[in-house]
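**Q** Sharing a structure, written as structure tokens. Questions coming.
Read-outs: derived from the displayed coordinates by stated rules, not from any lab. This is a predicted model, so every value here is computed, not measured. Reconstructed Cβ throughout: ideal geometry from the backbone, glycine too, with neighbour counts over all protein chains shown.
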Amino acid sequence: MATEATFTVPSDEFPLGTALGRLPDVTIELERLIPAQDVVIPYFWVRGTEVDDIENEFTEHPGVNDIRFIDSVEDEYLLRVEWTVDYDDVLTVLTEVDVPLIEATGRIQQWTFEVRGDNRGDIAAFQQRCRELDIPITLTKLHALTPVEAGVESTLTDTQQEALVLAYERGYFESPREATLEELGEELGISQQAAGSRIRRGVKHVLGSSLADA
């Protein structure tokens, strides 16, 4: 049965996390993971700093082939990094064992990853490979998908679903709006930009799932 798992990794043990020690106000969110023949290419959103600071931090990174700015939305920046496959980290292990990444968010202390395997054996294989490479992951959640979760809800992370439910209840989607992103962020305990990011990605997932089933 399909299984989802959540695990954490200390920031200094993950390549993208090396910037967080020098840029403590930064939050990084992986957008998607694309395995290529010779590189692993993660797209990620950055908030809490300027795009030039991030590019400068990774230009000399031993695992980086290339980093480039792609787009921006308000105070968030979308970048693309090409990592070399011989640099062992969580991203290369995910592509090696073919376990899809649902979401990853990094802050100054740790990274949190949500992944999905076809069964528990896939998750176990991922954990075993990390142990072989001395990558210190900590499993925090493991559960099998139910038939209900296999629908729209399975495309949402817990944080996205929480933000969408709160936005709906507070009238954020009404016209005119009855709540602001700043107010939603305060209730969620996150910044205005982070609240907007979660809502935007949540709406994208819901629409993508609904349209695919139409």
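**Q** Can you work out the FRET efficiency for the pair D71 and D118, with r the C-beta to C-beta distance and R0 = 41 Å, to the nearest 0.05? Kindly include the intermediate steps, with their values, before the conclusion.
**A** Values: r = 32 Å, r/R0 = 0.79.
In this case the efficiency is close to 0.80.
**Q** Kindly write out, for segment 93-99 in residue order, the coupling ³J(HN,Hα) from the Karplus curve 6.51 cos²θ - 1.76 cosθ + 1.60 (θ = phi - 60°), rounded to whole Hz, with x marking Gly and Pro.
**A** Here the 3J(HN,Hα) series is 5, 4, 6, 5, 9, 6, 10 Hz.
**Q** If you don't mind, another one. Expected output is a single nm value to one decimal: the length gained when fully extending between T140 and E187, i.e. 0.36 nm times separation in residues minus the C-alpha distance. What is it?
**A** Difference between extended and current length: 14.5 nm.
**Q** Can you list residues from other chains, or at least 5 along the same chain, whose modelled amide H is less than 5 Å from the amide H of I102?
**A** E114, V115, R116
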